[in-house]
4 protein chains.
Amino acid sequence: MIIVLKPSTPPEQIQLFADKLCNDYEVKVNRWDGVHSTVLGLIGDTHTVDIEYIDAQDIVESVKRVQEPYKKANRKFHPENTVIKISDNVSIGDGSLQIMAGPCSVESEDQIVEIAKKVKNSGATLLRGGAFKPRTSPYAFQGLKSEGLDLLKLARKETGLPIVSEIMRTEHIDMFENVDVIQVGARNMQNFDLLKELGKTQKPILLKRGLSATIEEWLMSAEYIMAGGNDNVILCERGIRTYENYTRNTLDISAVPIVKKLSHLPVVVDPSHASGKSWLVEPLAMAAVAAGADGLIIEVHNDPPHALSDGAQSLTPEQFDKIAEKLVALKACLK
Amino acid sequence: MIIVLKPSTPPEQIQLFADKLCNDYEVKVNRWDGVHSTVLGLIGDTHTVDIEYIDAQDIVESVKRVQEPYKKANRKFHPENTVIKISDNVSIGDGSLQIMAGPCSVESEDQIVEIAKKVKNSGATLLRGGAFKPRTSPYAFQGLKSEGLDLLKLARKETGLPIVSEIMRTEHIDMFENVDVIQVGARNMQNFDLLKELGKTQKPILLKRGLSATIEEWLMSAEYIMAGGNDNVILCERGIRTYENYTRNTLDISAVPIVKKLSHLPVVVDPSHASGKSWLVEPLAMAAVAAGADGLIIEVHNDPPHALSDGAQSLTPEQFDKIAEKLVALKACLK
Amino acid sequence: MIIVLKPSTPPEQIQLFADKLCNDYEVKVNRWDGVHSTVLGLIGDTHTVDIEYIDAQDIVESVKRVQEPYKKANRKFHPENTVIKISDNVSIGDGSLQIMAGPCSVESEDQIVEIAKKVKNSGATLLRGGAFKPRTSPYAFQGLKSEGLDLLKLARKETGLPIVSEIMRTEHIDMFENVDVIQVGARNMQNFDLLKELGKTQKPILLKRGLSATIEEWLMSAEYIMAGGNDNVILCERGIRTYENYTRNTLDISAVPIVKKLSHLPVVVDPSHASGKSWLVEPLAMAAVAAGADGLIIEVHNDPPHALSDGAQSLTPEQFDKIAEKLVALKACLK
Amino acid sequence: MIIVLKPSTPPEQIQLFADKLCNDYEVKVNRWDGVHSTVLGLIGDTHTVDIEYIDAQDIVESVKRVQEPYKKANRKFHPENTVIKISDNVSIGDGSLQIMAGPCSVESEDQIVEIAKKVKNSGATLLRGGAFKPRTSPYAFQGLKSEGLDLLKLARKETGLPIVSEIMRTEHIDMFENVDVIQVGARNMQNFDLLKELGKTQKPILLKRGLSATIEEWLMSAEYIMAGGNDNVILCERGIRTYENYTRNTLDISAVPIVKKLSHLPVVVDPSHASGKSWLVEPLAMAAVAAGADGLIIEVHNDPPHALSDGAQSLTPEQFDKIAEKLVALKACLK
């Protein structure tokens, strides 16, 4: 950690501050004097140093971390890729491409079972489906709730596909016991109480990037889960908010290689939410695979115009079938 | 609601779609044919129309709302300002300027009582203080929790100032029964389950704008609370995320007059979080008052360098005293 | 064009306004009355209608275009892909992948000729190099200017590679007569006077997207060049400005398929400037090809640490060689 | 300047690099070794150090400036406010409030003279008016050009108000010889060739902030002008591009106090372009004055619905009159 002090700070104040840092934290303090400013460098384990405390000092002009603030999610301390086993056949992070597919919302037994069978045939390896839906409007369909989870389990029984579904509050964790991957939505990426509770389970967690979260904040949210003892975190890039409004969000494709460099956790891409338009799913999914993603999560609905949510970004099973074929071919070609 | 159809949609499909809209919703459908596209106009109560359903239709190129999607928060249906009574002496939204002041985190009885007394003397009318703290890092101080709330109540007893504190999960609502204003933080603005539960209470809710929430999304979150039956929502602009990184966030000063035009709810400004720098609090607070804000929420700490969180943006009581004087003078001059 | 009028506009004012629109432009006006607002729809050639004039009317609440504001760049009026012939062997937009490679700045004869030979061997089909450099600091190296152009021509003579270089002012157009592709940099994307003058030439123009330009604004800048009579515009996505600051810019990979849908012009991607980091060039270039880009423009320097500008994002010729091989293999696999 | 090296860089390479820095620049290099990384600190005049050169080194992980990269615009080296004398009666930066008002485009003698007289009566101290107009569409009105400048001079003769108008290309500098303040528009903020040429004059330059320029980039553009010998730069905040699209741009009110802290140059605010809506001009102008702006630039048109550009954000002279009165009263109250 590097601390730039304000010009003309009295030497005795600098000394006092440096001494205090050494006492409060397990660090050594180096100092050098520039023409206009003095700079202090902290050496040691700076994870525990509260950067806001430093920044609040009257004599401090700016602070810069040299080490990343996350530890368990950091590739520097865990060089090999984390591989998360989801079922007997499905692992993520091992170099394979896992495709999660299914409707935005679970709507009925017929719907979810039919979609599950079709996407499995096309090559999907996990079934996604929303039971609890975060909706911007209180007047919009909010999901089938626990009944939706039951229908997902039924579809799993029929097809063998492990299931992925979104959780919205800590009180529901028990209800998700039998769900294979628990999704934390973009709007809850910094719902720290939820993250802490999920850290006490051993469930694979699909952690979506917040609407305007930096990569560092996203990894810090992963750190929240891991700090509780649960290392099974799958990161999911789903587009960020920018000034461009042709698409609902802007897919940050660079996040894939960056996250793989900074962290050992697997990363998947959601081209459906990133664009909000079904015709963009194919090129964005192709780009994600070419950029090194470990998986994809794609919305598929048997009847998009009648989908109860997010229809505009859903593919039909037939469209998905063609895209999945291309994705598998691309992945094979990259090896 | 205006629906632009794709070029060369067959007339019979247009007819079918228009008929379906009339059946499904209480609307009439007008149609006109341009050179390249056909446009449908929906007349009636379009609040219940699911814009995503429309957008998902194969034949639809784009959709545009004419009416806002929020109803209870909408000034069109409620022209007079909402005035929220917080205590016998304190109301917000009635043309007065209410100043909420206090530390980011409650730290001890001495700390909170001392600050409360000082800010009251300087003209603050509410006491703010965090008991549950949302922190980006799992390794940072997370607040005194219920003990913090008890200390706030103690400070209220000593000074008479009503208290404002942030809630982080639905299970804590009972614990906040005796708190005068419950704050929903920026990171929870779209924690819809929390909003719904708060909608069942009658507590004044201070709803902070999300880090990258549009004004419409913010008002939709207010609508969530109001749809549950609680009309006591105070909006709080606290800076948005932009590319500019000199400040932690960028204060969107325009949000003040815009929200007052679109909605009847009171709006306050948080210059401390918007800037993250204590020397910017004064000019931003002055700007907020000049732009028409109903109140301010300002961080004050008796010892900012030793504050357990957000010290860099905290004022000392002495600094606050001078600023409060200027703010009161400015407000008087604007009348 | 759809015009939503303010609630309770008097009918006679609406009539007057509608009549005026019919007189001023070659359009017909349709009207329908909703519960809260009246809506006017303009039918005809609305390209010439000044949307700001409409928006300025007291009685107007909002305006929405149905047709795009660009005409010559619009795929609706020109369905086939534009193919731009740059030299006997090099065309762009015909389904092939064109790779432009070379240093950020031309520095010396030895440098540019050596790099040109190497990138040609690796598969590059055009040579890029800056002679006039837009630099944020007035104290930074600003390029070799006309001497740099001469050195580029020398390297072309040695290798046969057509050359690409950036122009910075209208007075230099004559100097670029013998340059094969003239680049307009991101900072000049809305230097309308420069665009107009380039529209009077028949040179292929590589039009970089502005730092925070929307896709529509970018296509409008292409329209400026085309309106002058020059249809040879190549669009170049080079990253946009967002809140994320791990990378210098955020590559908007979605722009590739979107621009190809909205326009018939070819589009290339600049992964070097989009990321600012050489280790990100490979995954971003791969993603660009998978998303359908017609070409790439990549910085290669024989000695990146001693490059006079933008060294951090430059590859060595050896690194470029490996990446070019992968890109060509990927392109072959996609066919 | 602080340079963080990559973990496990060999000591001899560090030594070589440090020696090279000392040779190449007038700096001393300090070094300290952390647990994971080594850090170098450069002491001396680092303005001339090319940060991109440093960043390009293989062994460098990141670089951070301690000193700002601008010198002439920097308050550290020029503590007193710069006061720019525009005419016998009008100076900017001396603590007064200067109001520039007038139409977006000059349209006719009658128009500009009438507006000039009215805004002068209301308290405006400069007349603004566009002769050359940067328009997004090539099909929109582009200004009266040199005739527009002549009409402005005529209005100056009638009223005594100094005039402000926008330049769009270097070849026009002679034409602007008799214009009192030359405006550089947001889209040309990084048209470095134009900035350099303006640096050779002694004209007051109104430098608008670019659509997505950081404060540092904006000050670097001021530095371009000043590096050429022209210290008469007036900064103009006119809103930045964000994800929020209710307004055309988002006024960054914090920029006012920040720029005044970092630089000695005067700063004015353009509430008309920042919002794009005439009803927002008043609250934003009030906020700007309260935040410490040295002036305002406001669009006023005698007939906004018939304005040839930007009518939606123009005030009528009557509206302007009321607002100017409030602004003057507010300024008086702040003293």
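The values are calculated or read from the model by the stated rules, or taken from the named source; none is laboratory data. Just so it is clear, the structure is predicted and the values come from calculations on it, not from any experiment. Note: ideal-geometry Cβ built from the backbone for every residue, glycine included; neighbour counts use all protein chains shown.
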Report yes if some residue within the range D:278-296 is in the same structural domain as D:Leu194 (by TED's automatic domain parsing), at pLDDT below 95 and farther than 24 Å from C:Arg241 by Cβ; otherwise report no. yes
Say we look at the range D:141-171 and pick out the residues that are within 11 Å of chain C (Cβ to nearest Cβ) and part of a helix (DSSP H, G or I); which of these is surrounded by the fewest Cβ atoms within 10 Å (Cβ to Cβ)? D:Glu171
Can you find even one residue in the range B:82-90 that is closer than 16 Å to B:Ile3 by Cβ, out of contact with any helix residue (DSSP H, G or I) (no Cβ under 8 Å at 6 or more places or on another chain) and more than 14 Å from chain A (Cβ to nearest Cβ)? no
Considering only residues of the range C:43-70 that are farther than 23 Å from D:Asp303 by Cβ and facing another protein chain (nearest Cβ under 7 Å), which is nearest to the chain's Cα centre (by Cα)? C:Pro69
From the option list A:Val39, A:Val27, A:Val60, A:Val35, single residue qualifying as touching a Lys or Arg at 6+ places or on another chain (Cβ under 9 Å), β-branched (Val, Ile, Thr) and free of Cβ contacts under 8 Å to residues at least 40 places away in the same chain is A:Val39
Contact list, first residue from the range B:237-266 and touching a residue at least 60 places away in the same chain (Cβ under 8 Å) and more than 9 Å from chain D (Cβ to nearest Cβ), second anywhere and among the hydroxyl-bearing types (Ser, Thr, Tyr) and not in a helix (DSSP H, G or I), beta-carbon distance below 7 Å, six or more apart or interchain, is B:His264/B:Thr82; B:Leu265/B:Thr82; B:Pro266/B:Thr82
Failed condition for C:Pro283, given (1) touching a residue at least 24 places away in the same chain (Cβ under 8 Å); (2) within 11 Å of another protein chain (Cβ to nearest Cβ): (1)
The range D:286-335, residues that are in a helix (DSSP H, G or I) and within 14 Å of chain C (Cβ to nearest Cβ): D:Pro304, D:Pro305, D:His306, D:Gly311, D:Ala312, D:Gln313, D:Glu318, D:Gln319
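Yes/no matrix, rows are residues, columns are (1) among the hydroxyl-bearing types (Ser, Thr, Tyr); (2) outside the structural domain of A:Pro7 (by TED's automatic domain parsing); (3) under 30 Å from A:Val119 (Cα atoms):
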| site | (1), (2), (3) |
| --- | --- |
| A:Val39 | no, no, no |
| A:Gly44 | no, no, no |
| A:Asp58 | no, no, no |
| A:Tyr70 | yes, yes, no |
| A:Pro79 | no, yes, no |
| A:Ile86 | no, yes, yes |
| A:Ser96 | yes, yes, yes |
| A:Met100 | no, yes, yes |
| A:Ser105 | yes, yes, yes |
Cβ-Cβ under 7 Å, sequence separation 6+ or interchain: first residue in the range C:210-228 and at positive phi and assigned by TED's automatic domain parsing to the domain that holds C:Val269, partner among the hydroxyl-bearing types (Ser, Thr, Tyr) and crowded, with 24+ Cβ neighbours inside 10 Å. Which pairs? none
Just checking, how many residues over the range A:69-79 are in contact with a Ser or Thr (Cβ under 9 Å, 6 or more places away or on another chain) and surrounded by 17 or more Cβ atoms within 10 Å (Cβ to Cβ)? 5
Given the condition aromatic (Phe, Trp, Tyr) and under 23 Å from the mean Cα position of the chain (by Cα), answer yes or no: does some residue in the range D:135-153 qualify? no
Residue that is surrounded by the fewest Cβ atoms within 10 Å (Cβ to Cβ) [pool: residues in the range C:115-140 that are more than 14 Å from chain D (Cβ to nearest Cβ) and in a loop (DSSP other than H, G, I, E, B)]: C:Gly123
Those residues of the range D:206-219 which are facing chain C (nearest Cβ under 9 Å) and either charged (D, E, K, R) or within 19 Å of D:Ile182 (Cβ to Cβ) (or both), in sequence order: D:Gly210, D:Ala213, D:Glu216, D:Glu217
If a residue has to be free of Cβ contacts under 8 Å to residues at least 12 places away in the same chain and of a type in the set (Gly, Ala, Ser) to count, how many in the range A:129-177 make the cut? 1
Can you give me the number of residues within the range D:172-215 that are among the aromatic types (Phe, Trp, Tyr), more than 18 Å from D:Ala227 (Cα to Cα) and buried (at least 23 other Cβ atoms within 10 Å of the Cβ)? 0
Sole miss for B:Val179 among (1) at pLDDT below 95; (2) not in a helix (DSSP H, G or I) is condition (1)
Every residue from the range A:99-114 that is hydrophobic (A, V, I, L, M, F, W, C) and either buried (at least 24 other Cβ atoms within 10 Å of the Cβ) or in a loop (DSSP other than H, G, I, E, B) (or both): A:Ile99, A:Met100, A:Ala101, A:Cys104, A:Val106, A:Ile112
Which one of C:Ala287, C:Ala213, C:Ala255 is more than 29 Å from C:Ala140 (Cβ to Cβ) and out of contact with any Leu (no Cβ under 6 Å at 6 or more places or on another chain)? C:Ala287
Residues that are exposed (fewer than 15 other Cβ atoms within 10 Å of the Cβ) and of a type in the set (Val, Ile, Thr): does the range B:34-52 have at least one? yes
Might you check whether a residue that is within 19 Å of the chain's Cα centre (by Cα), at pLDDT 95 or above and of a type in the set (Asp, Glu) occurs anywhere in the range B:92-104? yes
Got a number for residues in the range B:32-42 being touching a strand residue (DSSP E or B) at 6+ places or on another chain (Cβ under 7 Å) and either among the aromatic types (Phe, Trp, Tyr) or at the interface with another protein chain (Cβ under 9 Å from one of its Cβ atoms) (or both)? 7
